[in-house]
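For reference, the structure discussed in these notes is given below.
The values are calculated or read from the model by the stated rules, or taken from the named source; none is laboratory data. Treat the numbers as computed from the prediction; the structure is a model and nothing was measured. Reconstructed Cβ throughout: ideal geometry from the backbone, glycine too, with neighbour counts over all protein chains shown. All accessible areas refer to the heavy atoms of the entire protein, side chains included, with ligands and DNA or RNA removed. Shrake-Rupley method; radii C 1.70, N 1.55, O 1.52, S 1.80 Å.
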Amino acid sequence: TEKTKQFCDAHPGKQFKIGATLQEFVQWIERPRKIVLMVSAGDAVDAVIKELRPILDEGDIIIDGGNSLFKDTDRRIAELQGSGIRYVGMGVSGGEEGARHGPSLMPGGPKNAYAAIEPMVKKISAQVEDGPCVTYLGPGGAGQYVKMVHNGIEYGDMQLICEAYQLMKELLSLRPDEMAKVFGKWNKGDLDSFLIEITADILQQNDPAKPQRFFVDAVLDTAGQKGTGKWTSINALDMGVCAPTITEAVYARCISAIKAERVAAGKKLKGPRHRYTGPKQKLINAIRDALYCSKVCAYAQGFALMAEAQKEYGWKLDFGAIAKIWRGGCIIRARFLQKITDAYTRDKKLPNLLLDPYFKSKINAAQTNWRHVVSIATVTGVPCPAFMSALSYYDSYRAARLPANLLQAQRDYFGAHTYERVDKPRGQFFHVDWPDPTRPQKRV
């Protein structure tokens, strides 16, 4: 309450009311009440719902604006059935800037609940040239699911930018302010995005504690996470959807966390001595192309995951509309999101973004540089797991034949798991009567 009072005092003339208790807060709200919760995901949300439930009336709406797991949203909707209280799980992206100037909003839940809050959320959300950055996404946890995938893509996007930074730092010895100019230039082209923009700002910032050095050089290289990227990867594994770039971004944060162990390992484990000696601008251009292509793959993985989720959970997601509401307010807002909207406008059943004519032509034009960067990183020993995983994803997706035939033969040999044949219809399974596995084996 004291923090709320301080905020209100700092903004005289604004029409704020302070509810010292939930009962007082609830009494002021016009019915049907629309209450937005912005608390940490998990037990805190359940605790607030438990306090609110006995003092709300039939038709009131609770809107969870935190990063809740979509399955928790499904559970809470089920638990509130019969009470007359409606529950909306609404993904919110935008950080502090979005809170003040309009975020991207991803609501899901009962459709009649969304109809009741639609005028409000349209005013709250970020506004782009052709409308507000909010749309109804579907029943149950659909909104929170889309936000989860948004955050998974965000993990990938951020890691890719960090790898571009690392390559320029390690291979070209560029200072942070020099890299700031590079990112600033990239932000005027196809890579135009909020994350590229803030990267340029960060890299030219001096350390407040020691102004003679750059701020980024004062920051410890260990990254935290709140779980949404991990949830995306877990869900992709559960549904059998390939999302390696998003998952590698999660792993990159995990390995960054073992700082002391990495420092000790660096003193014992040796890498290559090769360094890059080619033209500086040529490599900078190649890194730009690698970043763009890898970014497309990260988004392709996210949208492929949502495509499978709508089958799994009975939703009907509009991918063009999702890309549209991500164009403003949210952390991954970027120029090329319009191209994703265009792609799904051309083909609502597009299996993968990589197959869209626009993205296909862009990657065809840039993939030589992409491969060049991954090759140089491998030869010089600069880690770039997200770049590498994105390229492997692209090559695997375009491969008409993968070595899984041998894998299936192995599974059939040691576990009688059966296999399918190239000369028989899909869905027919066979088994070879392999040698008796209990017989004495050759020593290896």
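Miscellaneous remarks
- Scope the stretch 74-91; condition touching a residue at least 24 places away in the same chain (Cβ under 8 Å), of a type outside the set (Asp, Glu) and open to solvent by 40 Å² or more (accessible area, probe 1.4 Å); matching residues: 86
- Residue list for the stretch 104-133, restricted to those being open to solvent by less than 10 Å² (accessible area, probe 1.4 Å) and not small (Gly, Ala, Ser): 105, 106, 107, 117, 121, 133
- Every condition in (1) within 21 Å of the chain's Cα centre (by Cα); (2) part of a helix (DSSP H, G or I); (3) over 29 Å from residue 383 (Cβ atoms) is met by residue 155 except one, and the failing one is (3).
- Residues satisfying the stated conditions in the stretch 267-301, i.e. polar (S, T, N, Q) and either touching a helix residue (DSSP H, G or I) at 6+ places or on another chain (Cβ under 8 Å) or open to solvent by less than 10 Å² (accessible area, probe 1.4 Å) (or both): 285, 294, 301
- Failed item, numbered, when residue 46 is tested on (1) crowded, with 17+ Cβ neighbours inside 10 Å; (2) in contact with an Asp or Glu (Cβ under 9 Å, 6 or more places away or on another chain); (3) assigned to a helix (DSSP H, G or I): (1)
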